[in-house]
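The structure appears below as structure tokens.
The values are calculated or read from the model by the stated rules, or taken from the named source; none is laboratory data. On a predicted model such as this, the values are computed, not experimentally measured, just so you know. Heads up, the Cβs are rebuilt from the backbone with ideal geometry, glycines too, and the neighbour counts pull from every protein chain shown. For accessibility, only protein heavy atoms count, side chains too; no ligands or nucleic acids. Shrake-Rupley method; radii C 1.70, N 1.55, O 1.52, S 1.80 Å.
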Number of protein chains: 2
Amino acid sequence: MRLVVADCSARYSGRLTAHLPFATRLIVVKADGSVLLHSDGGSYKPLNWMSPPCTLLTLEPSPEQASTGVTQVWTVQHHKSDDRLEIEIHAVHHDSAHELGVDPGLVKDGVEAHLQEMLAAQIELLGDGHSLVRREYPTAIGPVDILARDAVGASVAVEIKRRGDIDGVEQLTRYLDLLNRDPLLRPVRGVFAAQEIKPQARVLATDRGIACLVLDYDAMRGVDDVDSRLF
Amino acid sequence: MRLVVADCSARYSGRLTAHLPFATRLIVVKADGSVLLHSDGGSYKPLNWMSPPCTLLTLEPSPEQASTGVTQVWTVQHHKSDDRLEIEIHAVHHDSAHELGVDPGLVKDGVEAHLQEMLAAQIELLGDGHSLVRREYPTAIGPVDILARDAVGASVAVEIKRRGDIDGVEQLTRYLDLLNRDPLLRPVRGVFAAQEIKPQARVLATDRGIACLVLDYDAMRGVDDVDSRLF
DNA sequence: AGTTAAATATCGTGC
DNA sequence: GCACGATGTTTAACT
């Protein structure tokens, strides 16, 4: 990765045509040849950039360009499209190169696990008088996210997803089939809980007598925060 | 703007919970306090970031953290939300600060003007035998993008948009009303030309006897390039 | 079907 | 109404 801080202007053509007037900017050249032009504000998005795969060519300025103070011209050409970024570099304030190696990348922690945790703590969201039996209730084909009992003591099996798709309904259906064979539990109702429930999933669930529960992540987290403030 | 290249790991919580395993990364701290974590690949998007308004706090590592090689802990807290980014910094390979000043920002060049220019140069796209009368043909309510004549000498008014919406059809309709009052021009046909024509706009245009023309920006530019190569 | 990568546009929101 | 920010998401492409 090469970091250059320089006075520069730039021109981009591709999906649209645009230009960057003369200013001091950070130019990042990544190992894959991609280029980012950042100002000292805005957002995480560069003012302009070229995504890989692309090739960076460093050229001498034309006499005309040189007469206006341009010391280098960088052209970045995308390999698969006509996207092209041309940077005219004047004074260079900083220039350094660094070996960064391969990055393992961002790991998203389980939102689903968090939802399960919070719903277990706020089990009354299933309805008044509900109580938690246990999380990850084991069955022969895997654990059910939550097993609870309603106000009259009947069993309720809950499947939790971040995005409620048809697959989740099928999964819950299989669990319900199994659980309802257990004379100590049956009858077991099903609740399909998700941050967002797709219309098809809702139709399928309703058709099978499974209730749908939309989980408001922020609201649930808010309640959790309030709870935690009590300690 | 501060540029730091360091071995680090990070944790983000906000809309989701995620973490970045230990690796060497570029950390950009912008003048507004926002922070960007970049790897040496990927795209223009940082691995993780915090957008302004936010505050960066530099803390001493806890004994536990220090024992794993952490030399600094940066916490970046968003002002308006619970978004929080925590960076554990181990070895620092580079650290520099730069004054960049205010950036004038990206200027998007007129795409619509360019389309008009190219269509005027390739007026036969309207149909065989068409000829250009003039661009920006003046009327009492503003200039029509292009006025042309077809193979038999009848007038054709063209409205050009990047995205052909209902508004554009309405605009062209008003021009046609006016132009058709001119005995020297009438009858004047209308052509609605755009890179992309929305279905509703197409229906409305067709209903009013206005022809629709989808402009292929790349193809038109290609022809222009070929033309320019002749010189 | 599941997985990864791109998005320089559009939307919504805040000023 | 306008400008800016966010999409840490959505979709498209691809394997």
**Message:** Just to be sure I understand: of the beta bridges DSSP finds with both ends in the protein assembly as shown, what percent are antiparallel, rounded to 5?
**Reply:** 80
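Using only helices, what value at 222 nm comes out for the protein assembly as shown when you add -39,500 (n - 2.57) per DSSP H run of length 4 or more and divide by the total residues, to the nearest 500 deg cm²/dmol?
Values: 10 runs with 104 residues, N = 462.
About -6500 deg cm²/dmol.
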**Fill in**
The distance between the Cα centres of region B:93-135 and region A:19-92, in whole Å, is 18
**Item:** Positive minus negative residues near residue A:190 (Lys, Arg vs Asp, Glu; Cβ under 15 Å)
**Value:** 0
**Request:** Give the interface area between chains A and B as buried accessible surface, both sides summed, probe 1.4 Å, in Å² to the nearest 100.
**Result:** 4500
**Request:** Go ahead and run the numbers for FRET between residue B:58 and residue A:134, Cβ-Cβ distance against an R0 of 60 Å, rounding to 0.05.
**Result:** 0.85
**Asked** Spin-label point model (7 Å from Cα, Cβ direction): what's the residue B:32 to residue A:95 distance in nm?
**Response** 3.1
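Can you pull the mean other chain C-beta count within 10 Å for peptide A:42-52? Before the final figure, lay out the partial values.
Numbers: counts 8, 7, 15, 6, 5, 4, 2, 3, 2, 4, 3.
Neighbouring Cβ atoms belonging to other protein chains average 5 per residue here.
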**Prompt:** So what J values fall out for region B:197-204 if you push phi through Karplus, 6.51 cos²θ - 1.76 cosθ + 1.60 with θ = phi - 60°, rounded to Hz, Gly and Pro as x?
**Reply:** 10, 5, x, 4, 5, 5, 4, 4
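Hey, got the average number of other protein chain Cβ atoms within 10 angstrom for residues in A:92-99? Let's see the in-between values first.
Numbers: counts 0, 4, 4, 0, 5, 2, 8, 4.
Mean shielding by partner chains, rounded to a whole number: 3.
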**Item:** Label point 7 Å beyond Cα along the C-beta direction, distances from residue A:138 to other copies (nm, shortest first)
**Value:** 8.8
**Prolate/oblate/rounded call for region A:111-229, Cα gyration tensor, a/c under 1.5 rounded** = oblate
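Among the chymotrypsin sites (Phe, Trp or Tyr not before Pro) within region A:147-221, which fall in a DSSP loop and have no more than 13 other Cβ atoms within 10 Å of their own Cβ?
Details: sites: A:175, A:192, A:217; in loops: none.
Nothing satisfies the criteria.
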**Message:** What do you get for the angle between helix A:166-179 and the principal long axis of chain A? Use alpha-carbon atoms, 0 to 90 degrees, nearest ten.
**Reply:** 30
**Solvent exposure of region B:1-72 as accessible area per residue, Å², 1.4 Å probe** = 41
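Calculate, in whole percent, how much of the Cα-Cα pair population of chain B lies beyond 33 Å. Kindly include the intermediate steps, with their values, before the conclusion.
Values: 13213 of 26565 pairs.
In whole percent, the share of Cα-Cα pairs in chain B beyond 33 Å is 50.
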**Prompt:** Got the residue A:92 label distances to the other copies yet, label 7 Å along Cα→Cβ, in nm, shortest first?
**Reply:** 2.5
**Request:** Normalise the Debye intensity by I(0) for the protein assembly as shown, one equal point scatterer per Cα, no solvent, then take log10 at q = 0.11 Å⁻¹ and round to two decimals.
**Result:** -1.03
**Item:** Copies compared at residue B:182 - label distances in nm, ascending, label defined 7 Å from Cα in the Cβ direction
**Value:** 8.3
**Asked** Per residue in region A:1-15, which ones lose no less than 20 Å² of accessible surface when going from chain alone to all protein chains (1.4 Å probe)?
**Response** A:1, A:3, A:5, A:14
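If you take every residue apart from residue B:85 with its C-beta less than 13 Å away from the C-beta of residue B:85, what net charge results, scoring Lys and Arg +1 and Asp and Glu -1? Can you show the working numbers first?
Values: positive: B:11, B:15, B:25, B:84; negative: B:82, B:83, B:86, B:88.
Cβ neighbours under 13 Å give a net charge of 0.
Could you compute how fast region A:24-90 diffuses translationally, taking Rh as the Kirkwood radius over C-alpha pairs and applying Stokes-Einstein at 37 °C with viscosity 0.692 mPa s? Give it in µm² per second.
Details: Rh = 12.6 Å.
Rounded, D is 260 µm²/s.
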**Request:** Compute the long axis of helix A:111-121 from its Cα atoms, compare it with the longest principal axis of the Cα atoms of chain A, and write down the angle in degrees, 0 to 90, nearest 10.
**Result:** 40
**Request:** Round to the nearest 10 and report in Å² the accessible area of residue A:57, as given by a 1.4 Å probe over the protein chains' heavy atoms.
**Result:** 90
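For an R0 of 41 angstrom, estimate the FRET efficiency from the Cβ-Cβ distance between residue A:43 and residue B:67 and round to the nearest 0.05. Numbers along the way, then the final one.
Values: r = 36 Å, r/R0 = 0.89.
The value I calculate is 0.65.
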**Complete:** Listed by chain and number, the lysines with an alpha carbon less than 23 angstrom from that of residue A:30, same-chain partners under 8 positions apart left out, are A:45, A:80, B:30, B:45
**Asked** What does the charge dipole of the protein assembly as shown about its Cα centre add up to, to the nearest 20 debye, if the Cβ of each Lys and Arg holds +1 and the Cβ of each Asp and Glu holds -1?
**Response** 1000
**Asked** For chains B and A related by rotation, which residue of B has the Cβ nearest the axis, and what is the rounded distance in Å?
**Response** B:3, 2
**Prompt:** Using 7 Å Cα-to-Cβ label points, what is the residue A:124/residue A:184 separation (nm, one decimal)?
**Reply:** 2.9
